[in-house]
Amino acid sequence: MEESLLQIDRPGALEGGAMVLSFNGWMDGGNASTGTVELLTELLRAEVAGRIEAEPFYLLNFPGSMEVAAMFRPPVRVSEGALEHIEMPSNQFWAAAERNIAFFRGQEPNLRWGTFADCLFTGARRLGVDRIVFIGSVGGAVPHTRDPRVYASASDGTMRQQLAECHLPWTTYEGPGSISTYMLGRAADEGVSMGTLVAEVPAYVQGRNPRAILTVTQKLGALLGLNIDLDSLRSIVDQWEKRVNDAVGQHPDLLEHIRRLEEDYDNDVFETQMSDLKDWLEQKGIQVD
């Protein structure tokens, strides 16, 4: 690992603590990954504890169509000829020492996964972390009126037992992998116990999903023994659901689709295909929320 890429400002801030890992972009549907860390760093008054240098890990341009290139270029905002904001990739650690918990929020790297993982594992050890929990989310066949299912994976028997005590279903998946899955495979060799919590969020709802953030936070709290007042977030969930219900109510055909999703969800039917509904929404030009 290149030492210059990692900076830890508060070494030893924790003692046998846990770190919650989040990434934007991939596996951040409804902002359930980054949104949960944003919420917890605020509620627990966590302080910035370090960073990973972004420069070597990201493609800021990619040859291809404008649509493809736009996925890699940093977002900017220019007003009346003046640059107001440019959003470069950022990777930061936080620590809430009184709760013995650290957080990481970053952007999944395009390049050098091995070196990036080296930085994360080393940063965790320097902070005093011996458990890492990744939180993520993917679009799936869950209605916005229900709490999302949260699936779990573990790097070792100890973490598997802890997750089992939370009564979480196990992940079954085959397809493109993520940096978190790569780290899960390395965790045992790094002397760290690691688990993942991945929520299934409504594929038809756009933007931040406070219900998913609430559900993931509750599952994480049970796993890590965090006692947190979430009443303010529950109020936000109620407002969000009403807003989505109002939008859905303007489209009777969409409402019927969602009622079928609710029936399948309540009956534990997992084979529901979302492609037809997504195609239908695109054809109708409907954007929910």
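With the stretch 48-110 as the region, which strands (runs of 3 or more DSSP E) entirely inside it contain at least 3 residues that are crowded, with 17+ Cβ neighbours inside 10 Å? Write out each step before concluding.
On the way: elements: 76-79, 82-86, 92-96, 101-107.
So the answer is 92-96, 101-107.
SER153 fails exactly one of the following numbered conditions: (1) in contact with a Ser or Thr (Cβ under 6 Å, 6 or more places away or on another chain); (2) under 27 Å from TRP240 (Cα atoms); (3) of a type in the set (Gly, Ala, Ser). What is the number of that condition?
Exception for SER153: condition (2).
Sort out which residues of the stretch 212-222 are in contact (Cβ under 8 Å) with a residue 60 or more places away in the chain, among the aliphatic types (A, V, I, L, M) and out of contact with any Leu (no Cβ under 7 Å at 6 or more places or on another chain), and write them in order of number.
Matches in the stretch 212-222: ALA212 only.
For SER180, state whether it is of a type in the set (Ser, Thr, Tyr), touching a residue at least 40 places away in the same chain (Cβ under 8 Å), within 22 Å of LEU40 (Cα to Cα) and in contact with a Gly (Cβ under 8 Å, 6 or more places away or on another chain). Outline the logic, then answer.
Working: of a type in the set (Ser, Thr, Tyr): yes; touching a residue at least 40 places away in the same chain (Cβ under 8 Å): yes; within 22 Å of LEU40 (Cα to Cα): yes; in contact with a Gly (Cβ under 8 Å, 6 or more places away or on another chain): yes.
Yes.
Looking at the structure I just gave you, is ARG146 charged (D, E, K, R), assigned to a loop (DSSP other than H, G, I, E, B) and more than 15 Å from the chain's Cα centre (by Cα)? Let's see the steps before the verdict.
Numbers: charged (D, E, K, R): yes; assigned to a loop (DSSP other than H, G, I, E, B): yes; more than 15 Å from the chain's Cα centre (by Cα): yes.
Yes: the conditions hold for ARG146.
Test of understanding: among GLY175, GLY123, GLY128, GLY207, which residue is at pLDDT 95 or above and either among the aromatic types (Phe, Trp, Tyr) or on the phi > 0 side of the Ramachandran plot (or both)? Walk me through it before giving the result.
On the way: GLY175 fails: at pLDDT 95 or above; GLY123 fails: either among the aromatic types (Phe, Trp, Tyr) or on the phi > 0 side of the Ramachandran plot (or both); GLY207 fails: at pLDDT 95 or above.
The match here is GLY128.
Please go through the stretch 156-179 and pick out each residue that is under 16 Å from the mean Cα position of the chain (by Cα) and either crowded, with 16+ Cβ neighbours inside 10 Å or closer than 27 Å to TYR58 by Cα (or both). Show your work before the answer.
Pass one, the stretch 156-179, residues under 16 Å from the mean Cα position of the chain (by Cα): 171, 177-179.
Residues satisfying the conditions are GLY177, SER178, ILE179.
Kindly indicate whether LEU255 is under 28 Å from THR171 (Cα atoms) and in a helix (DSSP H, G or I). Walk me through it before giving the result.
Details: under 28 Å from THR171 (Cα atoms): no; in a helix (DSSP H, G or I): yes.
No.
From ALA70, ALA18, which residue is of a type in the set (A, V, I, L, M) and more than 21 Å from the chain's Cα centre (by Cα)? Let's see the steps before the verdict.
Values: ALA18 fails: more than 21 Å from the chain's Cα centre (by Cα).
ALA70 is the lone residue from the list that is of a type in the set (A, V, I, L, M) and more than 21 Å from the chain's Cα centre (by Cα).
Take the residues in the stretch 180-200 that are in contact with a strand residue (DSSP E or B) (Cβ under 7 Å, 6 or more places away or on another chain) and in a helix (DSSP H, G or I), then tell me which one is surrounded by the most Cβ atoms within 10 Å (Cβ to Cβ). First the steps, then the outcome.
We begin by selecting, within the stretch 180-200, every residue in contact with a strand residue (DSSP E or B) (Cβ under 7 Å, 6 or more places away or on another chain); these are 180, 183-184, 187, 192-200.
Now narrow it down to the ones that are in a helix (DSSP H, G or I): 180, 183-184.
Numbers: SER180: 25, MET183: 22, LEU184: 21.
The qualifying residue surrounded by the most Cβ atoms within 10 Å (Cβ to Cβ) is SER180.
With respect to the numbered conditions (1) surrounded by fewer than 19 Cβ atoms within 10 Å (Cβ to Cβ); (2) modelled with pLDDT of 95 or more; (3) polar (S, T, N, Q), which one is the sole condition not fulfilled by SER153?
All conditions pass for SER153, except number (1).
The values are calculated or read from the model by the stated rules, or taken from the named source; none is laboratory data. The model shown is predicted, which means the values in this text are computed figures rather than measured ones. Every residue, glycine among them, receives a Cβ derived from its backbone with ideal geometry; neighbour counts consider all protein chains shown.
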